[in-house]
Each structure stands twice: as C-alpha cells, then as structure tokens.
Amino acid sequence: MDVTTSPANKPKPRPRPQVMRLTEAAATRVRELTARTDSEIVGLRVGIKNGGCAGQSYTVEYAHDIKPTDEVVEDKGVKILVDPKAVLFLLGTEMDYKTDKMSAQFVFNNPNQTSACGCGESVQLTPAKIDG
C-alpha cells in the first residue's frame with residue numbers, strides 16, 4: 001500500500017479561519033438585544049449591501065433562523081450569522097460596540113476596508129486574499 005494514499009497518512013484539511021470575532025462590548029450588546037425581543041432570535045445576521053457614498057455598507061439585523069448557507073460565528077457566547085456573499089469581505093473583521101454622547105452603534109474593524117465616507121455610514125471593501 002502506498003503511504004501517501006493510506007487513510008492513516010491522509011493530510012488533514014486546514015482549519016477554516018473564523019470569519020469574524022467580537023469584542024466583549026459587542027457580545028454584551030448582542031446578548032441584550034436578543035434577550036429583549038418578543039420573538040425567538042437565534043442571533044444577529046451581518047452582511048454587506050451596495051450603496052452609500054463609498055459604495056457599500058454593513059447590515060445588521062435580527063436572525064430568526066439559521067439558513068443553510070449562513071456562516072455561523074460563535075464567539076463569547078453569542079451567534080453571529082454571516083451572509084455567504086459577505087464572507088470574503090468580512091474575513092478578519094472585529095465587531096465592536098461603541099457608545100458616546102451622540103450615538104451608540106456596532107463598529108466593524110475590518111482589514112479589508114480600503115476607504116470610508118466622511119459620514120461613516122458607508123465603506124469600500126475588497127475581498128480578502130486567501131492563501132492556498
């Protein structure tokens with residue numbers, strides 16, 4: 001038997017990188033939002049939509065179910081469901097939650113972001129480059 005084809009020596013698939021991670025502030029806010037809804041919420045769904053001055057913007061909405069195509073991110077005890085069309089744009093992103101005197105919002109620290117508009121509502125993203 002050829003060693004390279006032996007099941008015992010079969011190369012293991014490389015682990016998939018986690019698409020996103022959350023700060024403790026973001027995880028706390030997701031827990032607060034999902035706990036106070038009137039309907040069954042499994043987590044938040046995050047995606048990207050076209051539009052705005054810079055070309056794209058992040059979307060965040062309640063997720064009532066997990067779609068077969070969703071990328072499920074479990075971090076700090078909460079679930080984030082990533083739209084499959086957004087995965088390459090969100091690889092390596094840290095989702096945070098910031099509050100100040102004038103606003104409170106989720107903030108995305110995204111290494112794939114190449115620019116943003118002055119109002120902070122839209123961004124320009126490039127797909128992540130995957131090695132191998």
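Within segment 25-77, track down each residue that is in contact with a Ser or Thr (Cβ under 7 Å, 6 or more places away or on another chain), without any contact (Cβ under 8 Å) to a residue 40 or more places away in the chain and under 22 Å from GLN113 (Cα atoms).
GLY47, LYS49
Quick check on segment 59-75: of everything there that is surrounded by 14 or more Cβ atoms within 10 Å (Cβ to Cβ) and more than 10 Å from the chain's Cα centre (by Cα), which residue is nearest to GLN18 (Cα to Cα)?
ASP75
Can you say whether GLY92 is surrounded by 14 or more Cβ atoms within 10 Å (Cβ to Cβ) and among the small types (Gly, Ala, Ser), as far as the supplied structure shows?
yes
For segment 101-112, does any single residue satisfy the condition of being buried (at least 17 other Cβ atoms within 10 Å of the Cβ) and at pLDDT below 85?
yes
Considering segment 12-52 alone, what residues qualify as being basic (Lys, Arg), more than 20 Å from TYR62 (Cβ to Cβ) and surrounded by 10 or more Cβ atoms within 10 Å (Cβ to Cβ)?
ARG21 - this is the single residue of segment 12-52 that is basic (Lys, Arg), more than 20 Å from TYR62 (Cβ to Cβ) and surrounded by 10 or more Cβ atoms within 10 Å (Cβ to Cβ).
The values are calculated or read from the model by the stated rules, or taken from the named source; none is laboratory data. Remember, it's a predicted structure, so these values are computed and weren't measured experimentally. Glycine gets a Cβ as well: all are built from the backbone with ideal geometry, and neighbour counts include every protein chain shown.
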